[in-house]
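Structure first, then comments.
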Amino acid sequence: MPDAITGLWAAATTPTDTAGAIDHAALAHHAQRLVRWGCDGLVLFGSCGEGPSFSIAERLAAAEAVLRAGVDPARLGMGTGCPAIADTVALTKGMLSLGITRTLLLPPYYFAGMSAEGIEDAFAAVLDGVADARLSACLYHIPQVCGVPVPAAVLGRLRTRYGATVSGVKDSSGDFEAFLGFRAAAPDVAALVGAEVLIGRAVAAGGQGTICGMANLVPALVRRLFHEPGAQQAIEQACAPIDSIPTLKAALAAVTGEPIWRNVRPPLRATDAAAGAHIAAMLESMEQRPAA
């Protein structure tokens, strides 16, 4: 699966100023840092990147800035799912025009309770609308956040219909049975997890890796989970106090010494800096990272 997302990918956070504008230089620096810290790649504007809070133009301009800074497009993916199919198509085409081929693709959200057939229709409309052989789509299952699941059977049928274009699935439900369902329905698809505590079990069951928030902070520790069951307790301890995107960003601000990371876009609200400092101190005892 040369075009699928595999291995250790960070669900990259997005730096904003106090007015909510993306700081392109800080984002580019963070992308470079994540690669230097050992991530195989990073996904911009997923959940940890507050993706749905940013417009199409904002996301594309930020991605272009990251590319101008010299980050290899082969190490980048983008969250391009929007409630409106036409917006998803436009954003995905814009991503491809920049040379980024991997998308993390949410189902159209807001209308909860839709049938599996309707969800399949929506994904198909996006793929038909983009109609680009370069596209590598990783479907994004995070129903507890967006309200709309990716049924395992839909993944299987889309893989049959579109072949390698439907290259992966990211299961962020935290439900290992759901992950196994994806593996059974589409064994040729690169199945990834978002919950760090499931990485070891997922890899043992044929999973291809992770796109996760903790890779922003302790990528070496996360990578140990791929083949080292003994690291499970450490990652559980590290994840326990990080209960939200603002907390993750506060910890990153403390780890890097860059206060900008504490800023979030409404409706999120910033976490107290002391909470981030406490987490950073704990992480420092677990993993030695290269200089930020």
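Values computed for the structure shown
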quantity	calculated
Folded to 0 to 90 degrees: helix 116-130 orientation relative to the chain principal axis, Cα	80
When the convex hull of its Cα atoms is projected in every direction, mean area for segment 88-128 (nm²)	3.1
Fraction of beta bridges assigned by DSSP in the chain that are antiparallel (%, nearest 5)	5
List Lys249, Lys93, ordered by accessible area with a 1.4 Å probe, largest first	Lys93, Lys249
At 0.692 mPa s and 37 °C, Stokes D of the chain from Kirkwood alpha-carbon radius, µm² per second	174
Sequence-separation-based contact order of segment 100-214, relative, with Cα cut under 8 Å and 6+ spacing, percent	22
Efficiency of FRET from Cβ geometry, Ala153 and Asp132, R₀ 25 Å, rounded to 0.05	0.45
Solvent exposure, largest accessible area first (probe 1.4 Å, DNA, RNA and ligands not counted), of Cys146, Cys212	Cys146, Cys212
Heavy-atom surface of the chain, accessible at 1.4 Å and reported per residue (Å²)	39
Listed residues Arg183, Arg36, Arg223, most fluctuating in the chain (Gaussian network, C-alpha, under 10 Å)	Arg36
Distance between modelled label sites at Glu177 and Ala25, nm, 7 Å Cα→Cβ extension	5.2
Residue among Gly70, Gly38, Gly147 with the largest mean-square fluctuation in a Gaussian network model of the chain, springs linking Cα atoms under 10 Å	Gly70
Percent accessible area from carbon and sulfur atoms, segment 82-226, protein chains only, probe 1.4 Å	57
Full-stretch length increase - Gln144, Ala274 - with 0.36 nm per residue and alpha-carbon distance subtracted	44.0 nm
Alpha-carbon centroid distance for the pair segment 1-74 / segment 249-274, whole angstrom	17
Simple spin-label estimate for Phe111 and Gln32 in nanometres, 7 Å along Cα-Cβ	4.5
Crossing angle, helix 245-256 versus the chain [Cα axis fit, 0-90 degrees, rounded to tens]	50
For the chain, built as a Gaussian network whose Cα springs stay under 10 Å, the top-fluctuating residue of Ser136, Ser47, Ser55	Ser55
Cα-based helix-to-principal-axis angle, 273-284 vs the chain, degrees rounded to 10	90
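The values are calculated or read from the model by the stated rules, or taken from the named source; none is laboratory data. Here the structure is a predicted model, which is why all the values come from computation and not from measurement. Don't worry about glycine lacking a Cβ; one is built from the backbone with ideal geometry, like all the others, and counts go over all protein chains shown. For the accessible areas, the whole protein counts, side chains as well, though only heavy atoms, and no ligand, DNA or RNA atoms are used. Shrake-Rupley method; radii C 1.70, N 1.55, O 1.52, S 1.80 Å.
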